[in-house]
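Asks: I have a structure here, written as structure tokens, and I will follow up with some questions on it.
The values are calculated or read from the model by the stated rules, or taken from the named source; none is laboratory data. Only a predicted model underlies this, so the values are computations on that prediction, with no experimental measurement involved. Note that we place each Cβ from the backbone using ideal geometry, even for glycine, and neighbour counts take in every protein chain shown. Keep in mind that these areas ignore ligands, DNA and RNA; they rest on the heavy atoms of the full protein, side chains included. Shrake-Rupley method; radii C 1.70, N 1.55, O 1.52, S 1.80 Å.
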Amino acid sequence: MKHLVRRGRIAIAALMLSVSVGTVSADWHQFWHQASIDYHRNNAWPEPFQEMDARQVTAPFEVMKNNGWRLHNTIGHELFRSGDGALLASGHNRVHWIATQSPESRRNIYVLRGKSDEETDARVAAVRQTLDGIQTAGVATNVFVTDREPSTAPGAWATKINRNWMEVLPAPKLPSVSASGSATATQ
């Protein structure tokens, strides 16, 4: 009877061992495969991650550049005739510059929304009519409607600030000692 119980236990242990050997074997190969991947990743560090980090660092600047070009290429209220939405001469010049001089990837014109839908449609039509008269090679200029108004300042105010700055700016003067420590020609 003792032998029977002992043989039963051995049979159960052998059965359990044979079932678990397949699982352990699969885990063992997977372990060494992962160890090899980790080894090569550690030896290649930081190369695989630098490009991703660089993109994350420059992403906010790309957003700022896009927003800056968007505001720069916005045709505001002051470039349209009030009421009918026709472009003024300065508006024609601005549209012409955007369509011909701005970088090809930045040739989008943003028209500031008018007081009514009819005025907005008239503004877009006036910009498109001006674009039709411009011969451009390459990328077509797109026209979009926007609500973001670029910040502006009166010309008299900007001139006053510039003149005040020029008054307090010290006169240019050469240094009396050069970088090597010797006296210069100003003495």
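Asks: Ignoring ligands, DNA and RNA, what percent of the 1.4 Å accessible area of segment 98-148 is carbon and sulfur?
Replies: That share works out to 43 percent.
Asks: Now a separate question. Write down the percent of antiparallel bridges among all DSSP beta bridges whose residues are both part of the chain, to the nearest 5.
Replies: 20
Asks: How big is the accessible area of Trp69 in square angstrom, nearest 10, if you roll a 1.4 angstrom probe over the protein chains?
Replies: Counting only protein heavy atoms, the figure is 70 Å².
Asks: Using only Cα atoms, tell me the angle between helix 2-44 and the longest principal axis of the chain; keep it within 0 to 90° and round to the nearest 10.
Replies: 30
Asks: Add +1 for every Lys or Arg and -1 for every Asp or Glu among the other residues with Cβ under 10 Å from the Cβ of Arg113, and state the total.
Replies: -1
Asks: Classify the chain: rounded, prolate or oblate, from the alpha-carbon gyration tensor (a ≥ b ≥ c, eigenvalue square roots; a/c under 1.5 rounded; otherwise prolate if a/b is larger than b/c)?
Replies: Verdict is oblate for the chain.
Asks: If ligands, DNA and RNA are left out, what is the accessible area of Trp32 with a 1.4 Å probe, given in Å² to the nearest 10?
Replies: Solvent-accessible area, nearest 10 Å²: 140 Å².
Asks: Moving to a separate point now. Helix 47-72 against the longest principal axis of the chain: what's the angle in degrees, Cα atoms only, rounded to the nearest 10?
Replies: The angle comes out near 30 degrees.
Asks: Return one number: the angle in degrees, 0 to 90 and rounded to the nearest 10, between the long axis of the Cα atoms of helix 89-100 and the longest principal axis of the Cα atoms of the chain.
Replies: Here the helix axis deviates by roughly 40 degrees.
Asks: What does the accessible area per residue of the chain come to in Å², with a 1.4 Å probe and no ligands, DNA or RNA counted?
Replies: 78
Asks: Still on this structure: Along segment 105-115, what does the Karplus equation 6.51 cos²θ - 1.76 cosθ + 1.60 (θ = phi - 60°) give for ³J(HN,Hα), rounded to whole Hz, x for Gly and Pro?
Replies: Result, ordered by residue: 6, 10, 8, 10, 10, 10, 9, 6, 4, x, 6 Hz.
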